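Notes to accompany the following structure.
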Amino acid sequence: MKFPILIFLLFSVFINAQVNFEKGYIIDNNNKKVECYIKNIEWERRPKRVTYKLSENSALKTLSIDQLKEFRVVDTDQFYKRYTITKELIRETFEETGILENVVFLRVLVDGNSDLLEYFNDNKDYFFYEKEGNLIYLEYKKFIDENNIIRENNRFKKQLYDNFNCSNFSLADYSNLSYTNTNLSKFFSNYNKCIGEDYLNVHKARTKLKFNFKLKGGLNLNSRQTNETNYLVSYNIPQGAIEFEQSIGKIESYDTNNNLQFGVELELRLPFHKNNWSLFMAPNYQNISEIDGSKSYSEPNDPNTLDLRMTSNLSYSFIQIPIGFRRYFDVNNKFEIYTHIAYTQNIVLSSNESIEIDVINDTTISFDLEAQSVSLASKNNSGVYFGLGLNFLNKYAVEINYYSTNINLNSKNNASMKGFAINASYLLF
């Protein structure tokens with residue numbers, strides 16, 4: 001089986017098999033609390049149903065929003081309560097929230113004497129609070145007035161000032177508030193702390209953007225190296241001052257020469273699905289030294305041409321800059337499997353080529369030979385790779401990649417490489 005097909009099949013299996021069931025609880029319409037394992041779909045911010053199982057090995061069950069009052073995944077920010085949202089509650093903002101049905105799950109950001117709640121739609125957050133059993137919408141709206149000036153309705157600041165007084169708060173604590181989950185979560189936490197009530201800042205458990213910096217190196221097992229350059233051989237025959245040109249064409253294959261690479265990797269593990277998606281850039285240095293390729297050429301039944309063999313010795317060094325995305329799959333608390341794909345751009349640092357020409361056929365012609373490479377119509381300095389890896393303790397990683405890349409050595413030479421690469425990395429921070 002070809003490696004690219006294997007990668008695709010394994011990726012499909014992992015996608016379908018990856019299910020995170022974590023400890024939590026549900027509360028049904030009869031106020032019955034059930035401890036269970038909940039499927040944690042972290043990226044879904046407007047859930048309509050919950051899939052769970054009573055034990056790790058039991059059958060799956062699903063309850064819709066109409067059957068649940070509350071559910072929570074322990075030690076995460078997945079904490080939702082069911083509410084009825086009416087147009088009278090949020091007035092002119094109702095249409096833009098996209099609430100088609102009045103019953104919705106609101107995410108709990110702060111759980112305490114007064115709960116802070118969030119509803120998300122169309123890349124916008126809408127915030128509510130519940131106090132003494134009453135649900136109140138925190139009013140905020142950005143709009144453009146008749147003079148095309150951007151305005152803001154910040155009435156939520158006055159709402160908080162009127163309803164959440166604390167001796168430790170200054171006027172600036174209200175006026176400097178911004179309509180964001182982080183800012184409002186901090187305010188409600190401080191308020192609960194001020195009045196001496198127990199509270200939980202659930203928002204703090206939200207998955208955050210992580211930056212990783214790694215040292216990385218490996219070995220390229222080059223299965224094929226070619227030079228995409230066309231060669232033109234010219235020679236003159238003193239007898240009669242005749243000049244001939246022969247096009248040798250491309251040298252399709254060079255001696256296999258495995259090469260080392262070393263560099264760094266910068267990775268952003270994205271703030272959703274437990275950082276299991278990431279973007280990365282992994283600049284590395286590579287050097288290809290003294291690889292030989294040859295090609296023979298003959299023109300049958302032409303006494304004025306020579307049977308030639310041209311040997312090209314090629315060496316070059318370059319910096320490769322892959323940019324791609326990666327998907328991690330949890331195995332246990334020590335291991336992760338990941339798969340990734342990347343586009344690569346190459347920056348050539350140096351290149352050198354020497355050419356040697358031999359005459360194969362016996363001839364009495366006296367000649368001087370000169371070989372030159374023909375300018376390329378197109379220049380390519382890019383490639384792609386994809387592969388699988390194993391991450392241990394979020395510190396050490398090893399991976400195998402299949403790659404194909406082109407390197408524009410100069411105005412007349414363009415090489416290409418294909419093969420497998422085995423890389424290892426170490427997380428510095």
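One residue stands out in region 403-429 among those that are touching a strand residue (DSSP E or B) at 6+ places or on another chain (Cβ under 8 Å) and open to solvent by 60 Å² or more (accessible area, probe 1.4 Å): the one that is farthest from Tyr231 (Cα to Cα), namely Phe429.
Selection of region 386-402 for residues being surrounded by 20 or more Cβ atoms within 10 Å (Cβ to Cβ) and either touching a His at 6+ places or on another chain (Cβ under 9 Å) or modelled with pLDDT under 85 (or both) yields Gly387, Glu399, Asn401.
Here Tyr174 qualifies as modelled with pLDDT of 90 or more, of a type in the set (Ser, Thr, Tyr) and surrounded by 12 or more Cβ atoms within 10 Å (Cβ to Cβ).
Rundown of residues vs (1) at pLDDT 90 or above; (2) part of a strand (DSSP E or B), yes/no style:
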site	(1), (2)
Gly249	no, yes
Pro300	no, no
Ile323	yes, yes
Ser351	no, yes
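Does Leu314 qualify as being of a type in the set (A, V, I, L, M, F, W, C), open to solvent by 70 Å² or more (accessible area, probe 1.4 Å), touching a residue at least 12 places away in the same chain (Cβ under 8 Å) and within 30 Å of Gly217 (Cα to Cα)? For Leu314, the condition - of a type in the set (A, V, I, L, M, F, W, C), open to solvent by 70 Å² or more (accessible area, probe 1.4 Å), touching a residue at least 12 places away in the same chain (Cβ under 8 Å) and within 30 Å of Gly217 (Cα to Cα) - is not met. If you check Lys274, Lys334 for being in contact (Cβ under 8 Å) with a residue 60 or more places away in the chain, within 23 Å of Glu42 (Cα to Cα), more than 12 Å from the chain's Cα centre (by Cα) and open to solvent by 30 Å² or more (accessible area, probe 1.4 Å), only one passes: Lys274. Specify which of the listed residues (Leu106, Leu100) is among the aliphatic types (A, V, I, L, M), under 28 Å from Glu42 (Cα atoms), at pLDDT 85 or above and outside any helix (DSSP H, G or I). Exactly one of Leu106, Leu100 is among the aliphatic types (A, V, I, L, M), under 28 Å from Glu42 (Cα atoms), at pLDDT 85 or above and outside any helix (DSSP H, G or I), namely Leu106. Taking the listed residues Asn222, Asn227, the one that is surrounded by 12 or more Cβ atoms within 10 Å (Cβ to Cβ), at pLDDT below 85 and of a type in the set (S, T, N, Q) is Asn227, with no other qualifying. Listed by first and then second residue, the pairs linking a residue in region 193-204 that is within 11 Å of Asn113 (Cβ to Cβ) to a residue that is basic (Lys, Arg), with Cβ atoms under 9 Å apart and 6 or more places separating them unless they lie on different chains, are Tyr199/Lys193.
Before we move on, is Asp125 without any contact (Cβ under 8 Å) to a residue 40 or more places away in the chain and either surrounded by 14 or more Cβ atoms within 10 Å (Cβ to Cβ) or of a type in the set (Asp, Glu) (or both)? No; evaluated as a whole, the condition is false for this residue. Of Phe156, Phe143, all but one fail to be open to solvent by less than 20 Å² (accessible area, probe 1.4 Å) and free of Cβ contacts under 8 Å to residues at least 40 places away in the same chain; the exception is Phe156. With respect to Glu101, determine if the residue is over 19 Å from Tyr199 (Cα atoms) and either touching a residue at least 40 places away in the same chain (Cβ under 8 Å) or under 38 Å from the mean Cα position of the chain (by Cα) (or both). Here the answer is yes, as Glu101 does meet what is asked.
The values are calculated or read from the model by the stated rules, or taken from the named source; none is laboratory data. Everything numeric in this text was worked out from a predicted model, so none of it was measured. No Cβ is skipped: glycine too gets one built from the backbone with ideal geometry, and neighbour counts run over all protein chains shown. Side chains are part of the model used for accessible areas, which takes the heavy atoms of the whole protein and leaves out ligands, DNA and RNA. Shrake-Rupley method; radii C 1.70, N 1.55, O 1.52, S 1.80 Å.
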